[in-house]
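Take a look at the structure set out below.
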Amino acid sequence: MCAKNAMEEFEALLNESFEIDTPAEGSVVKGKVIAIEAGQAIIDVGYKMEGRVDLKEFANPGEAPTLAVGDEVEVFLRAAENARGEAVISREMARREEAWDRLEKAYADEERVDGAIFGRVKGGFTVDLGGAVAFLPGSQVDVRPVRDAGPLMGLKQPFQILKMDRRRGNIVVSRRAILEESRAEQRAEVIGNLTEGQAVDGVVKNITEYGAFVDLGGVDGLLHVTDMAWRRVNHPSEILTIGETIKVQVIKINKDTHRISLGMKQLQADPWDDVEARFPLGSVHQGRVTNITDYGAFVELEAGVEGLVHVSEMSWTKKNVHPGKIVSTSQEVDVMVLEIDSAKRRVSLGLKQSACRATSTAWFTSPTCRGTSVAKMPSRTTARAMLSKPRSPRLMSRKSVSRSRSKPWAAIPMPKPSAA
């Protein structure tokens, strides 16, 4: 009778053991740490199965493992039994499976994921996304090229998943997309606080051939070379240095493209406002030659005010000569103001007429000046009108006509001195 009962109990236990839902190989199971020895954790995964896992699989990149006896962990069951009768388990593979489930959901919802750069590979870096390893291309590290990625290594930070393929185990992430999104939000906030005509302080970040980029506190504006000063600026480095703090004026804001145009000369007085009062017609001034072309030379009268000395106004005697053979760059010359157009910011100057300037009311007897004083000397337009006016043959001989064509000022009648 006792033997029969024992057999029935054994049969019941055997049937119960068959009914137990044992975990399938290739799945994630829960286990309990029962011992730690020789750099390995012995984990009981139930169902009379135990396995060993290296402690390094429980540590995040760059961190020490924090595992103690009695902790419950999830491991991946690779095989129920090996040659030693132990279960083949892996913590790293369990983390990977868990991470892939989480990352696939984040990728579908276009959410950011946290990770840490822990290695360098060809063309980029490797990133640990909490169990899954992703590739970070070098072009996606920052908005600008990164020369030293040391400060970024091991630092937990957000990333954006660009693409992923679970079957191939391929994940590509971007740190640059996160930075650009943050910069876009910051730019929108800064631009919203700016108005055209406002004067702000900025830091020169970069200098190019055509201007300089100025940081206005999270957003860059372009300071074009033509808006740096009223005078001619050949290169921005003449007046600016990288890292310098300058005051600029907001000229224009494009809220669609978030582009800002800046100016420095707008904060200074415009030298063309009263140019006619400071440089009256017929007056002679000393200037500096700034540029020489085939048709003449540009002379700077003062900072921001330049005039053109046409090749025809350079010499009475030298004809069809290149201006570079008469004057040279940076040369100080005396020029006479012939015409002024404030609207177009143009000044016509004469080099040959400056030899006829007078220091008193006396008339010159020089053959070059033909006895004409500065005060009485007409403008170029008036002189041309006088020459184009028909004259009686009795008043103008062939010799005087020929002379007037070669030297227009000679045709201007010289006033007679008074009897006194």
Search segment 242-275 for residues being without any contact (Cβ under 8 Å) to a residue 40 or more places away in the chain and of a type in the set (D, E, K, R), and hand back the single one that is surrounded by the most Cβ atoms within 10 Å (Cβ to Cβ).
-> K265
Matching residues in segment 282-335 (in contact (Cβ under 8 Å) with a residue 40 or more places away in the chain and over 16 Å from V347 (Cβ atoms)) number 5
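Take residues that are over 31 Å from the mean Cα position of the chain (by Cα) and closer than 25 Å to D341 by Cβ and tell me which of the strands (runs of 3 or more DSSP E) falling wholly in segment 207-310 contain 3 or more.
Ranges flagged: 284-292, 296-302, 305-310.
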Taking segment 92-128 on its own, how many of its residues are in contact with a Leu (Cβ under 9 Å, 6 or more places away or on another chain) and of a type in the set (D, E, K, R)?
-> 2
Residue that is surrounded by the most Cβ atoms within 10 Å (Cβ to Cβ), among those in segment 95-138 that are under 22 Å from R176 (Cβ atoms) and among the aromatic types (F, W, Y) = F125
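Mind telling me which of the residues V172, V190 ends up being under 22 Å from R144 (Cα atoms), touching a Leu at 6+ places or on another chain (Cβ under 8 Å), modelled with pLDDT of 90 or more and not charged (D, E, K, R)?
That would be V172, the only listed residue that is under 22 Å from R144 (Cα atoms), touching a Leu at 6+ places or on another chain (Cβ under 8 Å), modelled with pLDDT of 90 or more and not charged (D, E, K, R).
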Is there a residue in segment 22-34 that is exposed (fewer than 14 other Cβ atoms within 10 Å of the Cβ), modelled with pLDDT of 75 or more and not in a strand (DSSP E or B)?
-> no
Specify which of the listed residues (F135, F118) is assigned to a strand (DSSP E or B), of a type outside the set (K, R) and touching a Pro at 6+ places or on another chain (Cβ under 9 Å).
-> F118
In segment 47-60, how many are loosely packed, with under 15 Cβ neighbours inside 10 Å and part of a strand (DSSP E or B)?
-> 0
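The values are calculated or read from the model by the stated rules, or taken from the named source; none is laboratory data. All of these numbers come straight from a predicted model, not from anything done at the bench. All Cβ positions, even for glycine, are placed from backbone atoms using ideal geometry, and neighbour counts span all protein chains on display.
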